[in-house]
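This report concerns only the one structure given below.
The values are calculated or read from the model by the stated rules, or taken from the named source; none is laboratory data. Remember, predicted model here, so these are calculated numbers, not experimental data. So basically every Cβ, Gly included, is an ideal-geometry build from the backbone, and we count neighbours across all protein chains shown. Please note that ligands, DNA and RNA were not included when accessible areas were found on the heavy atoms of the full protein model with its side chains. Shrake-Rupley method; radii C 1.70, N 1.55, O 1.52, S 1.80 Å.
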Amino acid sequence: MNKKQLLYSSIILSALVSCKKDTLVEVVDVPATPIVAIEQKGGKPSDLKAVEGAFELYVLPFDYKALEPNIDAATMELHYSKHLLPNVNALNKAVVGTKYEVMDLETILRNLNFSDTDIRNYAGAVYNHNFYFESIAPKTGGQPEGDLLEAIERDFGSYDEFIRQFADVSVKLNGSGWIWLLSDKYGRLRIITAPNNDSPQMKGLGITGIPLLCLDMWEHAYYLKFQSKKREYANTFFSVVNWDKIEGRYGAFSKLSAPVAAPASAVTTQSIETIPAPAEKPAPEEDKEKDEFN
């Protein structure tokens, strides 16, 4: 290579380096482990049973494909068979010989000793997933009615603004966790986040309120269909929300007269930091096969 060729090569190399420095790199949310669709064998949710123990698997009242095109069948089967079921089985094993063995799920959460990290993780996962699956159904969506819609419009400004704020909180959640809509004893609504498998029902978390609705923001709940498009996932979720169920929860308790005070924000990103949450862990092993779908 002569001097002229060397000079040209140096100029070109410098230009490439300069261009690289100015290149904008899009940062996307990539799962820590691969989210891979399981082989679908035409089974039904009713085919699955938990191991014998204190807790039974929540019976999904519709087929895996019933929520399409909003939630695909592969995601539903993965979510139900590879996440809820293994957590029910793990909880049944973990409570044996403990004070929790004779308690129902809500009583466990309200009386939880946070040193019992496995119980915290498995009981929270089962309670949260049950609540999530109970909140969705085929041929639903739309808007709520009656007192709940009035409360949403009062506390968020409008139904559309509620959806926007709920999606905003979902997108901003750092790591895996859950988005919750809660009501206080006066019927006032707010949105909170909970990391990992923590639940608002857990004693000592500094959260008060009655759970009405939750959205699973673990990657297994959305990554197959939506990849890193969290906002699209959160918005689509409201196409399958069973508002009759949510209205029933809101109407199930008597509301006290609210004290006169300055209005508080209906949105909080409180991440339940009073008690440190355990490190994220994959779903428990099932049939001696490690579940990769974290």
Query raised in the report: What accessible area, in Å² to the nearest ten, does a 1.4 Å probe give for Met103?
Result: 40
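With the cut-off at 18 Å, tell me which of the pairs Lys139/Lys245; Lys139/Lys225; Lys82/Lys245; Lys172/Lys245; Lys65/Lys245; Lys44/Lys229 have Cα atoms farther apart than that.
Numbers: Lys139/Lys245 13 Å; Lys139/Lys225 20 Å; Lys82/Lys245 25 Å; Lys172/Lys245 27 Å; Lys65/Lys245 21 Å; Lys44/Lys229 28 Å.
With Cα atoms farther than 18 Å apart: Lys139/Lys225; Lys82/Lys245; Lys172/Lys245; Lys65/Lys245; Lys44/Lys229.
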**Report entry** Cα shape, the range 154-217, gyration tensor, a/c 1.5 rule
**Finding:** oblate
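Using alpha-carbon pairs under 8 Å, 6+ residues apart, how would you state the relative contact order of the range 125-212 in percent?
Working: 85 pairs, mean separation 21.3, N = 88.
Contact order relative to length: 24 percent.
Pick out, in residue order, every one of the chymotrypsin sites (Phe, Trp or Tyr not before Pro) in the range 119-192 that is DSSP loop and has at most 16 other C-beta atoms within 10 Å; say none if there are none. List each step's numbers first, then the result.
Numbers: sites: Tyr122, Tyr127, Phe131, Tyr132, Phe133, Phe156, Tyr159, Phe162, Phe166, Trp178, Trp180, Tyr186; in loops: Tyr186.
When the chymotrypsin sites (Phe, Trp or Tyr not before Pro) of the range 119-192 are filtered for loop state and at most 16 Cβ neighbours within 10 Å, Tyr186 remain.
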Query raised in the report: Once the piece of chain linking Tyr159 and Lys203 is laid out straight, how much longer is it, given 0.36 nm per residue of separation minus the C-alpha distance between them?
Result: 12.7 nm
Query raised in the report: Could you give the accessible area per residue of the range 65-223, probe 1.4 Å, as a whole number in Å²?
Result: 35
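Using r as the Cβ-Cβ distance of Glu52 and Phe253, and R0 as 45 Å, what FRET efficiency do you calculate, to the nearest 0.05? Don't jump to the answer; show the numbers that get you there.
Numbers: r = 34 Å, r/R0 = 0.77.
Approximately 0.85, to the nearest 0.05.
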**Report entry** Residue-level accessible surface for Leu85, protein heavy atoms, 1.4 Å, Å²
**Finding:** 10
Query raised in the report: Gly177's amide H: which non-local residues (gap 5+, or another chain) put their own amide H closer than 5 Å, with H modeled 1.01 Å from N in plane and none for Pro or chain starts?
Result: Asn196, Met217, Trp218
Query - Other-chain or far-sequence residues with amide H under 5 Å of Leu112's (modelled H) - result: Lys203
Query - Surface accessible to a 1.4 Å probe, Asp184 within the full protein complex, Å² - result: 40
Report summary line: Carbon/sulfur accessible area of the range 51-209, % of total, 1.4 Å probe, equals 46
**Report entry** Contour minus Cα-Cα distance for Asn130 and Val59 (0.36 nm per residue)
**Finding:** 24.6 nm
Requested in this report: Note the full-extension length gain between Glu232 and Thr98 as 0.36 nm times their separation in residues minus their Cα-Cα distance, in nm to one decimal.
Outcome: 44.0 nm
